[in-house]
Amino acid sequence: MSSKIYDYPSICNSILSIDSKIRFAGVINERGRLVAGGMKDNVEPLETEKDDEMIFMELALRVKMRKEFDKQLGLVNFAMASRERALTISIILNDDILYVVAEPDYDYCIFPKKILNIINS
């Protein structure tokens, strides 16, 4: 099975430019390491760099666990979490994870559509 080749830096930059409410767009590998992208310029982080590492590792583990049910439920298109201080979405790209964080009041109905349009273009 062949995998699509993605230009991760370009995807992350395009996502960051969608809206001022998008704070972070990065690609995390299966080990939980940031391999492309990052925080938008002039945005105050909500967590420390150490916390970021933990979040990324936890995300990679969650994605692996979700794959256990692909046969029964089908592939995951995306996963979104709404928190008090952030809206997050994760999308699997080959063996990696696109992780995007927006302000909590960002429109969660259009959030995935805009990101998927960039990935699929």
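The values are calculated or read from the model by the stated rules, or taken from the named source; none is laboratory data. What you are looking at is a predicted structure, and each value in this text was computed from that prediction instead of being measured. When we count neighbours, we look across all protein chains shown, and the Cβ atoms used for this are built from the backbone with ideal geometry, even at glycine. What goes into the accessible areas is simple: the full protein's heavy atoms, side chains included, and nothing from ligands, DNA or RNA. Shrake-Rupley method; radii C 1.70, N 1.55, O 1.52, S 1.80 Å.
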FRET efficiency estimate (nearest 0.05) - Cβ-Cβ, K50 to S10, R0 22 angstrom: 0.15
Relative contact order %, the chain, counting alpha carbon pairs below 8 Å whose residues are six or more apart: 27
Using θ = phi - 60° and Karplus 6.51 cos²θ - 1.76 cosθ + 1.60, couplings along region 48-56 (whole Hz; Gly, Pro as x): 7, 4, 5, 4, 4, 4, 5, 4, 5
Cα gyration tensor shape for region 79-121, rounded if a/c is under 1.5, else prolate or oblate: oblate
Kirkwood-based shape ratio for the chain, expressed as Rg/Rh from alpha carbons: 0.94
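Rule-of-thumb check for region 40-100: C-alpha Rg over 2.2 N^0.38 Å? If you can, show how the numbers build up before the last one.
Numbers: Rg = 13.2 Å, N = 61, 2.2 N^0.38 = 10.5 Å.
Working it through for region 40-100, the quotient is 1.26.
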Karplus-derived HN-Hα couplings along region 81-97 (A = 6.51, B = -1.76, C = 1.60, θ = phi - 60°), whole Hz, x at Gly and Pro: 10, 9, 10, 4, 10, 6, 10, 10, 9, 10, 9, 7, 10, 6, 9, 10, 10
Angle between the chain longest axis and helix 111-120 axis [Cα atoms, degrees, rounded to 10]: 60
Under 13 Å from the V43 label point (7 Å along Cα→beta-carbon), backbone N, region 2-19: 12-19
Accessible area of E58 in the full protein assembly, 1.4 Å probe (Å², nearest 10): 90
Residue-normalised accessible area of the chain, given per residue in Å² at a 1.4 Å probe: 66
